[in-house]
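Presented below is the structure to which this report refers.
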Amino acid sequence: MRYISTRGSAPELGFCDVLLAGLANDGGLYVPETWPQFAAADIALLAGKSYEDHAFEVIRPFVGGEIPDADLESMIAQAYATFGHRAVAPLVQLGSDHWLLELFHGPTLAFKDIAMQLLARFIDYELARRGERATIVGATSGDTGAAAVGAFRGRTASDLFILHPKGRVSDVQRRQMTTALDDNVHNIAIEGTFDDCQSIVKALFNDGEFRQRFRMSGVNSINWARVMAQMVYYFSAAVSLGAPLRPVSFCVPTGNFGDIFAGYGAKRMGLPVDRLIVATNVNDILARFIETGRYEMGDVVATMSPSMDIQVSSNFERVLFDAHDRDGAKIHALMADLTETGRFEAASNAALSHVRGDFDADRTDEEATLREIATTLRETGQLVDPHTAVGLAVARSHKGRVGSPIVTLSTAHPAKFPDAVERATGRIPELPPRLADIGEREERYEVLPASVDAVRDFIAAASPMKD
Ligand SMILES: *Cc1c(COP(=O)(O)O)cnc(C)c1O
């Protein structure tokens, strides 16, 4: 299996090189040269098997023999042994034709654990095999950093440095990061905003000498291995609901488009997926594009669903690449437009039709999100988090329009966003027992000013790669 860049000029790579590279060196995103195919009979064979078995079958063709089967199996088993539910991603029925796919049973209670638990093991395994060490550096507004800490803590070939804006992440999110006392985990609270954190990380990646010296790497949602790991639950959910015989639609609370792109990939592999419904909060760049063909950056508005507060959806580039006949030069030009002018237009009606052929999209505002949390509790007894509620509200408005059952993805546990849930319902959702004592655990983090030099000096002093 070879991977090519969406911008057409980076070298083709195999799985393990793509895993460690993250972004392609022409600024593009790696995608498989061809999608592995699952015939109806292959899909039928998945029925009744465990999530881990599904993961092995779906992931194996993408790895292309670069990791021996036995090692792949054992990393999958270890990744999902950290989950609090034996089914890993259980389905809950909400109505006659509506289901909730619970993706929040991992160690940090958001769907990012599903991919990150596997990604960290793959990266550490490959580094160890090459006799190398890497420094993983990232900025977080909450969920990604927590998932990364939960996944990389205790790994032996990687050191993790996560920057979060001091006082601007929730207590639970901060504690999920700062109570990991492992030697290879370094939390940095920046006296500034999330944007400050992000620009510091960017500056460090742009410092070629520093980047090489510490072999810096990232784990954000454009990493191919994360998208790949997320395809698995589209298969497991569809098979539980009757695939390959019955098509299903998925409604996905969307920010950076990594999660729903995995659904698109599963469809390209032969899974009978009907509609892919993009659900956004008021940061609705994707919904506007699908309506109008114009992709226009706006200002980010802070909402109750912060993990979907984005200006651009990086992974959407992977769909644009297919929509423009896999012409890397065209994508390069569109992205240059976006950088220069803050906007671009689909290059043709055919390109827009390609996108509309798979995706619907809709937005939900803050009031409707609160109403949805309350309505869902009243109708089903389920407490849901605000990200999930955005998905449910959009699914509700689409129900009459799709001729297949809808699976809405539940991307976070309600206890991760207790303030919104309490506002909507008067109830304070409880943390699962294994996290109930998180408020009493010892925390460790470094407070630094919003300065590239301060962070660079801190990493240089704390890294075991300093000599
Ligand atoms: C990251 C995140 C999302 C958005 O997922 P994308 O892959 O970026 O579209 C939605 N909900 C929660 C809770 C998240 O943490």
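The values are calculated or read from the model by the stated rules, or taken from the named source; none is laboratory data. Predicted model, so just to flag it, every value in this text is computed and none were measured. Neighbour counts run over all protein chains shown; Cβ positions are idealised from the backbone, glycine included. For accessibility, only protein heavy atoms count, side chains too; no ligands or nucleic acids. Shrake-Rupley method; radii C 1.70, N 1.55, O 1.52, S 1.80 Å.
A few comments on the model shown:
- Sole exception among (1) under 23 Å from Ala47 (Cα atoms); (2) touching a Gly at 6+ places or on another chain (Cβ under 6 Å) for Gly218, by number: (1)
- Scanning region 327-341 for residues that are free of Cβ contacts under 8 Å to residues at least 40 places away in the same chain and open to solvent by 20 Å² or more (accessible area, probe 1.4 Å) turns up Lys330, Ala333, Ala336, Asp337, Thr339, Glu340, Thr341.
- Screening region 365-411 for residues that are touching a Lys or Arg at 6+ places or on another chain (Cβ under 8 Å) and assigned to a loop (DSSP other than H, G, I, E, B) and picking the one that is nearest to the ligand (Cβ to nearest atom) gives Asp385.
- Residues that are free of Cβ contacts under 8 Å to residues at least 60 places away in the same chain number at least 3 in the following strands (runs of 3 or more DSSP E) confined to region 58-174: 158-165.
- For region 161-170, the condition holds for at least one residue, the condition being that it is hydroxyl-bearing (Ser, Thr, Tyr) and open to solvent by 10 Å² or more (accessible area, probe 1.4 Å).
- Test for Phe122: is it more than 16 Å from the ligand (Cβ to nearest atom), open to solvent by less than 40 Å² (accessible area, probe 1.4 Å) and of a type outside the set (D, E, K, R): yes
- Residue that is touching a Leu at 6+ places or on another chain (Cβ under 9 Å) and open to solvent by 60 Å² or more (accessible area, probe 1.4 Å), where the choices are Arg427, Arg401, Arg434: Arg427
- Qualifying residue in region 342-350 (condition: open to solvent by less than 30 Å² (accessible area, probe 1.4 Å), within 15 Å of the ligand (Cβ to nearest atom) and touching a residue at least 24 places away in the same chain (Cβ under 8 Å)): no
- Among the strands (runs of 3 or more DSSP E) confined to region 198-315, the ones with at least 3 residues that are more than 16 Å from the ligand (Cβ to nearest atom) are located at 273-280.
- Residue within region 21-41 that is at pLDDT below 95 and in a helix (DSSP H, G or I) present: yes
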